[in-house]
Amino acid sequence: MQPVSRPNALAQRDLLGIEGLSPDRVSAILDLSESYVALNRNAQKKSDVLRGRTLILLFFETSTRTRTSFELAGKRLSADVINISVASSAIKKGETLIDTAMTLNAMHPDVIVVRHPDAGAVRLLANHVNCAVINAGDGSHEHPTQALLDALTIRRHKGRLDGLRVAICGDIMHSRVARSNILLLSMMGSQVRLVAPPTLVPPAIERMGAEVFHDMRVGLEECDIIMMLRLQAERMQGTFVPSTREYFRYFGLDEAKLAMARPDALIMHPGPMNRGVEIDSRVADDITRSAILEQVELGLAVRQACLDMLGRDPESG
Amino acid sequence: MTEKRTAYINARLLNPESGLDAAGALLTEGAEIADLGPQLFADGVPDGIETVDCSGHCLSPGLVDMHVHLREPGHEHKETIATGGLSALAGGVTSLCSMPNTDPVIDNVALIEFVQRRAREAKGVKVFPFAAATKGLDGKQLTEFGMLAEAGAVAFTDDGLPVANSQVMRRALSYAKTFDLMISQHAEDLSLSGCGCMAEGEVATRLGLDGIPEISETVIVERDIRLVEHSGGRYHVAHISTAEAVDCVRRAKARGLSVTCEAAPHHFSLTDLDVGDYRTFAKMAPPLRSESNRAAIVEGLKDGTIDAIATDHAPHDQESKRLPMAHAANGIVGLETLLPLSLELYHGGHMTLLELLRRLTLAPAELLKLPVGRLRKGAPADLLLFDPDVPWVVDTAKFRSMSKNSPFDGRPVQGRALRTVVDGRTLFTAGT
């Protein structure tokens, strides 16, 4: 982990993962995000902090909420936003990714936001451009802005990020959201629990600072926060889990399992949700407990804050 | 209303759980064992209690056979849950585990419930079904372990076929940990078995038959133990048949892994020589092996490497067996020869009666977490009264099983069930 104060332009310029951020840096991003939350609730939502700057969204993987969120964030900050969606089937790996990076770099963008199906691909691209790069998700590795928006949601509800018991439930194996959240929440002083069948828990994940549970009722005991992860359709049939209904029975969040958590436990989900697979509809729609839509709202503010911090002229920032 | 009470007096009580081997009596009340011990009824049996004089014969927990093919649904001309149950009772078996390779395959909750309902209707032996590990035994998609276990499946296997794909086996073991369930493996590498129809070796070569090598079993057992070491899980080798595989299990146990196995009577009482002149009744999977493998099975049972004795009872009609060796069906019936063949280990001086009975009762019950297989106050009154010494000759024509495919027809043996009791009710008595 590199300290923020270190005069390394690259380390501060990119947001490639939670790994490498310090608690102070996280708090600073969240504090700035708060101001954008307020701004976004005004009729006049526009700010001109990135006027004249160019933002490229480069998505090698389909995305609705993250891409929209970044695009809107850029536009509200008055940046010129270019959207490049690349069907992943058209992509050749290795050389071509670097070529793409260098081509875009020649156009002098200020920030490139990248999502890629391969872990490590965003870092590889970042090594070949001069501008700031934000990782919008790379394979099963990291999705830092999701973890930051989750942190902001938690902080607004619980008033803190330390001393909480957080359960992350579902497909940990294939989840970049899980990895970023484990890193962020344990760094901030909370206790992270992972709840999943053994087939969906990657080996040695406990070395990242989390405790693993295969019985959801036990895993949810006294939890302050319950984060549900999407079980991807391609994993529902086969050898990871036998079926959707069996998965829901033992690992879906319903009223009975929810009752094991603290009465004021907050329910979160990075979306998109599979109702009846990992979460019961009534639980998802319970506005007294579910922060799922609020996460989307706060996600926009967090991305504005990240673009703001990384996209400003280094001299004025 | 008071429950029916029955006193079994003048018995030699044998209970592997407590190590009890003493003259005494046992009292059942309703479906449970109410009391037992050397002093019980020392002053006579009070009025109003039915009395069974055991005449000094052995009274033990009823046998628990964790590997039985009942053929229903799908092959009711070979065996049904009812006839298989009668065969079991005649052999002294009070609990059995049915294998899921029926037609359709027992891979969903409705079919588990079907097996249980048919067993209830038969009002006989207790049937604890295994469920398939993969859907339709396809070796690809796991079945709903959690829901099947809730419905009553006691373990999971694709028996008849191996789970061949290493990743599927790894995930099966791993996923089963969620519910602390056992995966039982038919350990056979089919690519190594090829077209083999008996054990590879001199006999097969002389007969001109394709052989099944020992490594066909060993490589799967070795692989699976590595998977257990890597991913955890409870692993069981069904019908283990080779010295090498027994040794693999022995070493895995020494390393503290959750690995167990069972052996079938034919694998410790016959060898490939018994295939003789193309006897299809001696064809089964895994095949009868060489004498050194047979001796290794006996050794594994003696030292506890092999946890349980299970029949792999596999009924087949005449038509399935009256074929050239290569085309004949695999498997033999075993329920009615289980006790005398197992007793050969006792008569041969390899094991004490208590040690032998442990592998036939308590050990399989413990592996599957079944409440049976023990003489204890409050336990189910599942009892076997047997004479360990009485000589007789196996006559398949007298089998209760619908199928008669046994290589033991005409074999002189010792020891047989005299009375089989399930939940306090006598369901079989010799001579009836």
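The values are calculated or read from the model by the stated rules, or taken from the named source; none is laboratory data. Predicted model only: the values in this text are computed from it and were never measured. All Cβ positions, glycine included, derive from the backbone under ideal geometry; neighbour counts span all protein chains shown. For accessibility, only protein heavy atoms count, side chains too; no ligands or nucleic acids. Shrake-Rupley method; radii C 1.70, N 1.55, O 1.52, S 1.80 Å.
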Just a yes or no: is a residue in segment B:153-164 more than 30 Å from B:Ala90 (Cβ to Cβ) and open to solvent by less than 30 Å² (accessible area, probe 1.4 Å)? yes
Consider B:Gly233 carefully, then state whether it is in contact (Cβ under 8 Å) with a residue 60 or more places away in the chain and within 14 Å of another protein chain (Cβ to nearest Cβ). yes
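Taking segment B:203-215 as the search range and keeping residues that are on the phi < 0 side of the Ramachandran plot and without any contact (Cβ under 8 Å) to a residue 40 or more places away in the chain, which one is most open to solvent (accessible area, probe 1.4 Å)?
Here the residue is B:Arg206.
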Just the residues that are of a type outside the set (A, V, I, L, M), within 22 Å of the chain's Cα centre (by Cα) and open to solvent by 20 Å² or more (accessible area, probe 1.4 Å), please, taken from segment B:125-151. B:Lys126, B:Phe128
What number goes with the only condition from (1) buried (at least 24 other Cβ atoms within 10 Å of the Cβ); (2) of a type outside the set (A, V, I, L, M); (3) closer than 17 Å to B:Phe268 by Cβ that B:His316 does not pass? (3)
Starting from residues that are hydrophobic (A, V, I, L, M, F, W, C) and part of a strand (DSSP E or B), keep the ones in segment A:123-159 and report whichever is surrounded by the most Cβ atoms within 10 Å (Cβ to Cβ). A:Ala136
I need the full set of residues from segment A:201-220 which are facing chain B (nearest Cβ under 9 Å) and under 15 Å from A:Glu246 (Cα atoms), in order please. A:His214, A:Asp215
Quick check on this structure: which one of B:Gly256, B:Gly331 is assigned to a loop (DSSP other than H, G, I, E, B) and open to solvent by 10 Å² or more (accessible area, probe 1.4 Å)? B:Gly256
A:Asp31 vs. criteria open to solvent by 40 Å² or more (accessible area, probe 1.4 Å) and either touching a strand residue (DSSP E or B) at 6+ places or on another chain (Cβ under 6 Å) or more than 12 Å from A:Leu148 (Cα to Cα) (or both): no
